[in-house]
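One structure is given below, encoded as structure tokens.
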Amino acid sequence: MKHLMGLAVLLMTFSTWAQSFPPSVVYLLEPAYPKELVRLGIVGDVRVKMLVNLDGTVADPVILYSSHPEFAGATLKVVREWRFSPWALGAGRPEQVEVIAPVLFSDDSSSNTIKPLSAIDLEASTCRQLNTDIENHMRRKVDIPLAQLGLFSKTRYQLISGLVAQRYSSEELAIALFDLSQATGSIVRTCQRTTSRRFVEKLPESVQALLARAVSVKAPTESPPI
């Protein structure tokens, strides 16, 4: 079985110079997919912040968010080995550029039943999509936490994207993520009764409020497997 790590290379930075001339990726060492999470069919979402030196090397990586601690560990073990295109000082170019990269872990063996996050339209999704997701996992006889289902993963992804885009505070995000976690079971039960209703309408008010503020933040296009 082949496991693919989809790395989105739409790199966001806080440097004015880097926004106009971002360093391009030269070499990416793929993180190892945690074996137990593969067995459970759990996909992963990590946001890693790093400094890129003018010679293209990476320094001071920090995990901003990870959907599971093991995905964070896998990313940290390899990110210092990544390389970006070097640049020369001058014309206002800095010695370091701050970069935030999303890293998506997915299992290609389940590609027929599990959509990548970039393919999920959260605003248009209904409870029927959530029920179908659950049925697909039941047919595959894979027991995963409800919070790892596609629509819930995409919801967390959008919430984290809003934080990275500085649309709200980390405190507001923490409350929304807690409320989402607490409400996951009841959302599933409600969606089983009202299949045609929009999924986002079933989310806690705190989550809906932040999603509205992060509405222009989209999941990145996934790169070809590396």
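Can you tell me how many residues in segment 23-40 are touching a Ser or Thr at 6+ places or on another chain (Cβ under 6 Å) and modelled with pLDDT under 85?
Number of matching residues: 2.
How about segment 129-185: which of its residues are touching a His at 6+ places or on another chain (Cβ under 9 Å) and acidic (Asp, Glu)?
If the condition is that a residue be touching a His at 6+ places or on another chain (Cβ under 9 Å) and acidic (Asp, Glu), then ASP143 is the only one that fits.
Among the residues of segment 135-165, what is the count of those that are under 19 Å from VAL48 (Cβ atoms) and either at pLDDT 80 or above or part of a helix (DSSP H, G or I) (or both)?
Qualifying residue count, segment 135-165: 10.
Answer with yes or no whether LEU51 is at negative phi, of a type outside the set (Val, Ile, Thr) and modelled with pLDDT under 90.
The answer is no for LEU51.
Quick grid of which residues meet (1) touching a strand residue (DSSP E or B) at 6+ places or on another chain (Cβ under 8 Å); (2) surrounded by 20 or more Cβ atoms within 10 Å (Cβ to Cβ):
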site: LEU28; (1), (2): yes, no
site: PRO31; (1), (2): yes, yes
site: LYS35; (1), (2): no, no
site: LEU54; (1), (2): yes, no
site: THR57; (1), (2): yes, no
site: ARG80; (1), (2): yes, no
site: GLY90; (1), (2): no, no
site: VAL99; (1), (2): yes, yes
site: LEU104; (1), (2): yes, yes
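Which residues, taken from segment 169-207, are assigned to a helix (DSSP H, G or I) and of a type in the set (Lys, Arg)?
ARG189, ARG193, LYS202
When only residues in segment 174-205 that are surrounded by 13 or more Cβ atoms within 10 Å (Cβ to Cβ), over 20 Å from the mean Cα position of the chain (by Cα) and polar (S, T, N, Q) count, which is modelled with the highest pLDDT?
Going through the qualifying residues, I end up with THR190.
Any residue in segment 81-103 that's assigned by TED's automatic domain parsing to the domain that holds TYR65 and farther than 25 Å from TYR157 by Cα: show its pairings with residues that are in a strand (DSSP E or B) and among the basic types (Lys, Arg) at Cβ separation under 8 Å, as long as the two are six or more apart or on different chains.
TRP87/ARG93
The values are calculated or read from the model by the stated rules, or taken from the named source; none is laboratory data. In this text the structure is predicted, and so the values were computed from the model without any measurement. Cβ: placed from backbone, ideal geometry, glycine included. Neighbour counts: every protein chain shown.
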